[in-house]
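Data first, discussion second: the structure below is written as C-alpha cells.
The values are calculated or read from the model by the stated rules, or taken from the named source; none is laboratory data. All values reported here derive from a predicted model rather than from experimental measurement. Using ideal geometry, Cβ is built from the backbone for each residue, glycine included, and neighbour counts are taken over all protein chains shown. The protein model used for the area step is the full one, side chains on, heavy atoms only, and it has no ligands, DNA or RNA in it. Shrake-Rupley method; radii C 1.70, N 1.55, O 1.52, S 1.80 Å.
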Amino acid sequence: MTIHYTKAFIYPALLAGLLISAGCSSTAKPEASATAPAVSTAPSATPSAPASVAPSTAPSPSAPAAASAPSGTPAPASTPAASVSSASIKAMLELAKSGKVEGIAFAAQKNLTEDVEKAWGKADTTESAGSGIYATYSKKHAAIGYNKGSQIIDIRSYDPKLKTITLSQIEQALGKPADTKVNGSDTIYIYKASDEFQLKFVIPQSTGKVDHISVFDTIHSINNMAG
C-alpha cells in the first residue's frame, strides 16, 4: 500500500511540474518580442521652413517714388519764364531812355557812323529811307539808322529772342502804347521812353509776335529821317 501511494503521488507531481515549466516558457517569449521593435520618439526628418516665412523678392526700391508732390504745387519753371519776359521788356524801356538797345554798344544821338564802322566794319547792306540811311549788320542782328550828319538816330535790334514776345506781354509790362501806326502788314506800337526817344515794337500780322524793336531819336530825325 505504501509503494502504490508513493507512485500515485509522484506521477501527478511530475506532470504538474512539466506543465508549469511549459507555461513559463510560453509566456517568456512575448516579453522578448515586446522589446524587439524600438519605438523612436524623434521625427524621421526635420520639416522644412514654410515658404511664406521670407518674401521671395525684396521690395522694389522705386516704390517710394509713387509719393509725388501735391497736385496743387506749381511747376518751378513756369513762374520764372513769365517774370523774366516782363522784366526784359521793362529793361528795354529803361535802356531806350538813354538811346540804347540791349546787346548793342552804341547810343542814338551820341554815336556816329564812324564809331560803328570802327567796331563792326562795313555794313552788309545800306539803303536809303526818307532822307536818311540804314546800315544792316546781319551777324549782329542789327540795323543802324543815320541822318545826313552821320549821327545815329535809330537803332533797330532783330535779336531772335525778341521774336517770342507778343503784344499782350508788352502791354502787361508797359501798359497801353502811346501811339500805334501801320506800315504795310506791320503794326508799330510806340512807347515814349523820354522827351527825345521812343521805343517801338514792330509786329507783323503774319506772326503776331515782335519782328524787331527800334529806339528812335525824335529830335534829330526831324526832316532827316522818316519816322
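In table form, for the structure just shown:
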{"quantity": "Environment charge at residue 119 (Cβ cut-off 13 Å; Lys +1, Arg +1, Asp -1, Glu -1)", "calculated": "+1"}
{"quantity": "Whole-Hz couplings from phi, Karplus 6.51/-1.76/1.60, listed for segment 160-166; x for Gly and Pro", "calculated": "x, 5, 5, 6, 9, 7, 9"}
{"quantity": "Förster radius 22 Å - calculated FRET efficiency between residue 126 and residue 185, Cβ distance, rounded to 0.05", "calculated": "0.35"}
{"quantity": "Interchain or long-range residues, amide H under 5 Å from residue 193's placed H", "calculated": "198, 199"}
{"quantity": "Per-pair calculated FRET efficiency, R0 = 22 Å: residue 91 and residue 168 via Cβ, rounded to 0.05", "calculated": "0.75"}
{"quantity": "Solvent-accessible heavy-atom area per residue, rounded to whole Å², over segment 155-227 at 1.4 Å", "calculated": "51 Å²"}
{"quantity": "Protein accessible area in segment 105-181, 1.4 Å probe - carbon and sulfur %", "calculated": "49 percent"}
{"quantity": "Segment 125-148 versus segment 174-227: alpha-carbon centroid distance in Å", "calculated": "16 Å"}
